[in-house]
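Chemist: Just passing along the structure, written as structure tokens.
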Amino acid sequence: MTKFLSRAEAAEHLTSRGLPITRLTLQKMATTGGGPLYRRFGTRAVYEAEHLDAWAAAKMGAPLHSTSERSAAAE
């Protein structure tokens, strides 16, 4: 069975992977959009680790060797 994480646990999951985020930021994203997938369990939001990891990976930019590569890619 899938383990579901509370919002605080979801924030800790991402933070432990070097991607600092707070539960309040996840809460705001649940309201405004742009955050990871979540489900409702009664009145609580719950997250799956796989969805958190996929969301974080999608937010990452491509690897760069220098800041000048970023400028060239934008042109």
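Chemist: How high is the relative contact order of region 1-60, in percent, with contacts defined as C-alpha pairs under 8 Å that are six or more residues apart?
Modeler: Rounded, it is 39 percent for region 1-60.
Chemist: With unit charges on the beta carbons (Lys and Arg positive, Asp and Glu negative) and the dipole taken about the Cα centre of the chain, which residue among THR43, ALA10, THR67 sits farthest to the positive side?
Modeler: So the residue we want is THR43.
Chemist: On to the next question. Just to confirm a number: summing +1 for Lys and Arg and -1 for Asp and Glu over residues other than ILE21 whose beta-carbon lies under 15 angstrom from that of ILE21, what do you get?
Modeler: Neighbourhood net charge equals +2.
Chemist: Oh, and also: Exposure proxy check: MET1, MET60 ranked by fewest other beta carbons within 10 Å?
Modeler: Result, fewest neighbours first: MET1, MET60.
Chemist: Another question, if that's okay. So if I place +1 on the C-beta of Lys and Arg and -1 on the C-beta of Asp and Glu, and nothing else carries charge, what would the dipole magnitude of the chain be about its Cα centre? I want it in debye, nearest 20.
Modeler: Dipole of the chain, to the nearest 20 debye: 400 debye.
Chemist: Translational diffusion coefficient, Stokes-Einstein: compute it for the chain using the Kirkwood radius over C-alpha pairs as Rh, at 4 °C and 1.567 mPa s, and state it as an integer in µm² s⁻¹.
Modeler: Diffusion coefficient, whole number: 95 µm²/s.
Chemist: When the label point is put 7 Å from the Cα of ALA62 along its Cα-to-beta-carbon vector, which residues of region 1-44 have a backbone N closer than 15 Å?
Modeler: Hits in region 1-44 for ALA62 at 15 Å: none.
Each value in this text was obtained by applying a stated rule to the coordinates, not by laboratory testing. Everything numeric in this text was worked out from a predicted model, so none of it was measured. So basically every Cβ, Gly included, is an ideal-geometry build from the backbone, and we count neighbours across all protein chains shown.
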